[in-house]
Each structure stands twice: as C-alpha cells, then as structure tokens.
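Asks: What follows is a structure written as structure tokens; I'll ask about it next.
What follows is calculated from the coordinates using simple rules that are stated; it is not laboratory data. Given the structure is predicted, the values throughout are model-derived calculations rather than measurements. Methodologically, a virtual Cβ is constructed for each residue, glycine included, from the backbone with ideal geometry; neighbour enumeration extends over all protein chains shown.
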Amino acid sequence: MSTGTDGWFLGDATKRDGAKGEGSTFRPSESQIRGQIVPALLSVLERESDNDLVSGALIALAKVGVKIGEGEGGQDSARIEAVLTRFLPDASQEIRETAAVALGILASPRSIASLANLLWDTPSGRKQVAASEVNYRTRSFAAYGLGLIGARTASEHDRKLIVSMLRRALERDDTRSRDLEVACLLSLGLVPLATIETPLAAAGAKTVAPESSRLAQLDFVLALLRDERREDLARAQCPLTLARLLAGLSEPHHSRYRSEVVEDLVARIVKDKERAELLQGCIRGLGALGTNDGKNPLDARIRRTLADVMKDSDPLARGLALVAAAEVGARLGQDLPSQGVDEVRALLVHEMAWGKDALKPWAGLASGILCYHLTQQGASHPATLALQKALASALENERSPDQLGAYALGAGLARSTASAPRLMKLLAKDLQDDARGQVALGLGLLGHAEAIELLREVVGNSKYRPEVLRQSAVALGLLGDKEIATQLASMLTNARSLAAQAAIASALGLIGDKRSVDPLLALLNDQLASEKARAFAAVALGNVADKELLPWNAKIGFGANYGAAPATLFDPASGAGILDIF
C-alpha cells in the first residue's frame, strides 16, 4: 500500500498516489533496491536452505523484478530469471512450486517455454524438476505463472501462445485433480486477446481454438461452463473468467456476449441451487457483469435474480449475492442509473434492519462497497447518505464481536463520519484481535485523522498481537501518518521474540516506506534470528520494493470464488495456495 491512499483495499490501482512509480516519495530508490535489497535476497538464496526463508526470498526477488524502464526482457530480468530457475529441481515441493510461480511474477517472456514444459509434464519439464513426473501442484503453479506473464506482456504473439498452452493443458489434463483445471481457467481470464474477431482463415474450421481471438476465448470458456462432464469446482471458475474476457470488448460484441452469458448464469442460479460451488460462481459472475442501468431489461433481470437468491439459497450464497448486488449497483449504466442504485439500496437497508442475523454483516460490508464506488465516481446520490446512516445505527447497536468487523469495514468504506465516535470507543476496548484490527482499519478507511494518536498507542502495545498490529499500521498509513514507519522500525530493532519480529516485519512491508529498508535488511541478515522471522523480513522487503501497484496475486484473487477453491488456489490452513502467498 501507499501512505495516505485507500484504493488498494478494493483492488483499485488508480488510487495509489503514484505509490510504485519513480515519483513516489516513499518508495525505495533504485539505488536502495539494486544496491541493497536485491543483493541481500540473492545472498539468502545462495546460502540458506530453510524452506520458509528461501520461498520468501524467491517471491520477493520476483516482485522486485527489473529496473524501472528496462522491461521484462532486459539483462536484469535474465539474471533474476536464472536464479529462480535454479530452484525448480529443489528437493522441497514447496520451493519447486514457489519457483514456478515466481517466474510468472517476474513476467519474463523467456520463461514461457519453461513453464509450458512444467504445465504439460513433458520430458523437458521433468528434467527441469529432476523427477520422473511434474507434480500436479507444480503444474498448477506453472499455469498461474503463464497467466501472470500473459497479463503483463505487450506481445499479442506471446498472449496467443500462452492461451494455446492453457487450452492444451485443459484438453489433456491427466492429473486426476481439480487444481490444474481451475488454474488454467483462471489464467485464461488474465490473458484477454487484443485480436477480437477470429480471422477468416480460421473462422470456417469445425472448431475454432481460443488462441484465435477474444471471441473464440469466450466461446471456449462458455463451452466449458456448459460441459456437464466436468466437475462443478472447475466450472464454477468460468463465470469470473467470462466476465474478465468481456471487459473492454467493443460493441456489438460486448452486448451480444454479455446477454448470452447472463442468460446462462441466471438459468443456472434458478436450476442449480443445490450445487453450491456452481451457484456461488454464477452469483459472482452476475456481480461482475451487471450495471445500475434502470432501463435495460438485462440489468434489471440481474438485480432481480440477485435479490431472489436471498429467499431460498444457502447462507454463503446469500451473502455473496448481497456483495454482488452492491457491485452491480455501483457500476454505471447508460440510462436511469439512480433507479438501479435505489433498488440495491433498498435491498441492503432491508437486510441490515430485518434480515437474518448471519446476513446482516454481509449487508453492512456490501453497503460500504456500494458507497465507496459511488463516491469514487463523484456521484452524489441520496442512497449514500441513507446507507451511511444505516451503518452508523447498525454499528451502534451491534454487540457481537463476530459481527462488529464487517460493520466497521463497511462504515469506513462508506465514509460514514457518524460512525467515527463509536469506532474510536471500540478501538479503545480490549476486543478480540480480528475485530479490533478491523475496527482500526475501518477508522483508516474512514479517514478519521483524530484516530492517529490512539492508533499509534495501539501499535506500540500490540507487538504480540500481530493482527491488531498489522491492521493498525495499515490504518495509520491510510491516514497519512508519516511517523509509523519510524515507529515500527524502532520496534523491530528492539524486538526479540519471533511473534513480535514477524508481526512488525509484516506491518513494515504493508506500509511500503523506504525508511523500513534498513531495519528489515538488518533482520534478514541477522544469523541469530529465527529463519521464520528472517523469512518475514524477506517477504516485507519484496512488498516494499514491489514493481507493481497491487499485490501480484490480486490479478487472480479479485472477485474470485473462494468457496470453490482447491488447495493450490486458497488454503489458509496450510498457507500454501496462490492466494495465501504474500
């Protein structure tokens, strides 16, 4: 993140105040990155063998990447690529798969062939990992790596090549796991082709390969969604991938395909209520495709379908429908947008006031999402004020620690100034850690500068409460506190326990301030510190010097169907999924 900005919270890379560009005040200089951070990470990879430490350094080095202005194909990239590739045959499965996805994070086109060989389990791929076969996890991570390269490359040739590789893997999947299918489907959505229509030479073929054009990509993924022979977990990724491929598509293609996709998703929501994974995926897809257009029948049907989910679906589906409705209500339509906003506002207010207890926090968070996006558009709508008041009331009356966090985040996103006094009182209480951390973050999102002193105090007293410390530090960064990096650096210097070192290092990484470089390097190089603490320092250095505005896995995770995630995608218990890696 960047001090004083909040767009990162909802995946908005445009709200980062130039955080990672050359003009950023807080980003480390190129001399710090190339002269201090990169050599330190390379030294770790040369000398250390601990899995956590090596994995952290691999990801950090990939995130730091190339020099500004050099591009992914330059000399610096080649040097880092060679280092990452060296770990593909490591004895540890964790390090092998981390090296594979690190090549994708680095995003060098030179890695495409290597990752394809891993993905396909070819003799060359087996030689790379020094094994009789490429493990399905490594193959899945290679698929994500290809998607990440495709998302960054400017070469249409490379994009088409990557799409063809993912298509072949889907057609020939022999892993007997769902991980590879999910990885390939999500990665396809990261690589929308610039070639919109299929060339005439290929259009007459019996089957048109997805690497032919964007429209062929859409047809290919739609066919996978409709293939009843495939497992629901894989098909549940298709709606999000379709929405990503539809983004930016020109007319009349956009309207035609959006209508076809929406009709399919609506029909599945009606008939497949008992198939939880597929239902959740369709709900997320509608949330990504609908708008607040008050005149378009298709948008009205999307909003009506999401509202109907509240009547007889499982609790998770209902919660996801509220968030999807908020996204739809905030997406600007062509005609009568106020009508769509009012429909969603009425739904959210009703659920916060009279809905089931388990769904009220979902409605609170969704209300914040709707208000946030409307405000970012510069839209002045009565719904915003109504939802801000509803959030303040809900926060005032809520007593359950399990429910408070969602309301706190919703109030912060909605900029509900009436909620500030209640949030300040809650922050001063000894709440359970996750709730107190969310209250702190709510104050940061709200922009309540009066909370700075209290948040500093909370940070100082929370070195053994990592969740509270991290979220409070992020809140101070959002509030533009210029001293938080110095405070954390001092705490890190004096910390002796693993828990304190890890928590403070993580917080410094999230703040992303150049003043954190020296204390993090000191911890990374401290041979008396535990490998776990040093691993956190490596991860934090990667975050501080990241070449991208948002975390590398935000491309994959934003809008993802977490309820239909195999272990290689999301596995908080082990921390070994793509979305678990920092």
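Asks: For the charge dipole of the chain, defined by +1 on Lys and Arg C-beta atoms and -1 on Asp and Glu C-beta atoms about the Cα centroid, which residue among SER187, ILE59, GLN217 has the Cα displaced farthest towards the positive pole?
Replies: It is GLN217, whose Cα lies furthest towards the positive end.
Asks: For region 377-440 and region 537-558, what is the centre-to-centre distance using only Cα atoms, to the nearest Å?
Replies: Taking the Cα centre of region 537-558 as reference, the centre of region 377-440 is 28 Å away.
Asks: Same structure, new question: Under a straight-distance cross-link criterion of Cα-Cα below 16 Å, which lysines are reachable from LYS356, leaving out those fewer than 8 residues away in the same chain?
Replies: Result set, ordered by chain and number: LYS311.
Asks: What's the whole-number percent of alpha carbon pairs in region 235-287 lying beyond 14 angstrom?
Replies: 49
Asks: Moving to a separate point now. Which whole-Hz couplings ³J(HN,Hα) result when phi for each residue of region 547-555 is put into the Karplus expression 6.51 cos²θ - 1.76 cosθ + 1.60, θ = phi - 60°, listed in order with x for Gly and Pro?
Replies: Those phi angles translate into 6, 9, 6, 10, x, 4, 8, 4, 4 Hz.
Asks: What is the local net charge at ASP434, summed over the other residues whose Cβ is closer than 12 Å to its Cβ (Lys, Arg +1; Asp, Glu -1)?
Replies: In short, 0.
Asks: Something else: Please give every one of the lysines within straight-line cross-link reach of LYS482, meaning a C-alpha to C-alpha distance under 18 Å, and leave out same-chain neighbours fewer than 8 residues apart.
Replies: Straight-line reach from LYS482, under 18 Å: LYS20, LYS514.
Asks: Using a ≥ b ≥ c from the Cα gyration tensor of region 421-507 (square roots of the eigenvalues), is it rounded, prolate or oblate, where a/c under 1.5 gives rounded and otherwise the larger of a/b and b/c decides, a/b for prolate?
Replies: oblate
Asks: Placing +1 at every Lys and Arg Cβ and -1 at every Asp and Glu Cβ, with all other atoms neutral, what dipole size does the chain have around its Cα centre, in debye to the nearest 20?
Replies: 280
Asks: Arrange the peptides 280-287, 87-94, 401-408 so that the one whose residues have, on average, the most other Cβ atoms within 10 Å appears first.
Replies: For the peptides 280-287, 87-94, 401-408, the packing ranking is 280-287, 401-408, 87-94.
Asks: Using packing as a proxy for protection, rank 215-222, 134-141 so that the peptide with the highest average count of other Cβ atoms within 10 Å comes first.
Replies: Sorting 215-222, 134-141 by mean packing, highest first, produces 134-141, 215-222.
Asks: Right, next: What's the local net charge at ASP50, with K and R +1, D and E -1, over the other residues with C-beta under 15 Å away?
Replies: Every neighbour counted, the sum reads -4.
Asks: What fraction of the Cα pairs in region 290-415, stated in percent, has a spacing above 20 angstrom?
Replies: 36
Asks: Let me ask something else. Normalise the Cα radius of gyration of region 449-582 by 2.2 N^0.38 Å (N = residues in it) and let me know the number.
Replies: Relative to the 2.2 N^0.38 Å estimate, region 449-582 comes out at 1.08.
Asks: Counting other beta carbons within 10 Å of each Cβ, put THR291, THR568, THR375 in order, fewest first. It would help to have the intermediate numbers written out before the result.
Replies: On the way: THR291 22, THR568 26, THR375 16.
In increasing order of surrounding Cβ atoms, one gets THR375, THR291, THR568.
Asks: For Rg and Dmax of the Cα atoms in Å, the choices are (1) 23.7, 70; (2) 34.9, 160; (3) 24.9, 81; which was calculated from the structure?
Replies: Of the listed options (1) 23.7, 70; (2) 34.9, 160; (3) 24.9, 81, (1) comes from this structure.
Asks: Can you put TRP120, TRP354 in order of Cβ neighbours within 10 angstrom, beginning with the fewest?
Replies: Fewest-to-most Cβ neighbours within 10 Å comes out as TRP354, TRP120.
Asks: On to the next question. Which of the pairs LYS273/LYS360; LYS63/LYS160; LYS160/LYS206; LYS425/LYS555 have their Cα atoms more than 27 Å apart in this structure?
Replies: LYS425/LYS555
Asks: Cut-off is 10 Å between beta-carbons; in what order do VAL266, VAL474, VAL544 appear when sorted fewest neighbours first?
Replies: With the sparsest Cβ surroundings first, the list reads VAL266, VAL474, VAL544.
Asks: Relative contact order for region 290-415: what percent, with Cα pairs under 8 Å and sequence separation of 6 or more?
Replies: Result for region 290-415 is 25 percent.
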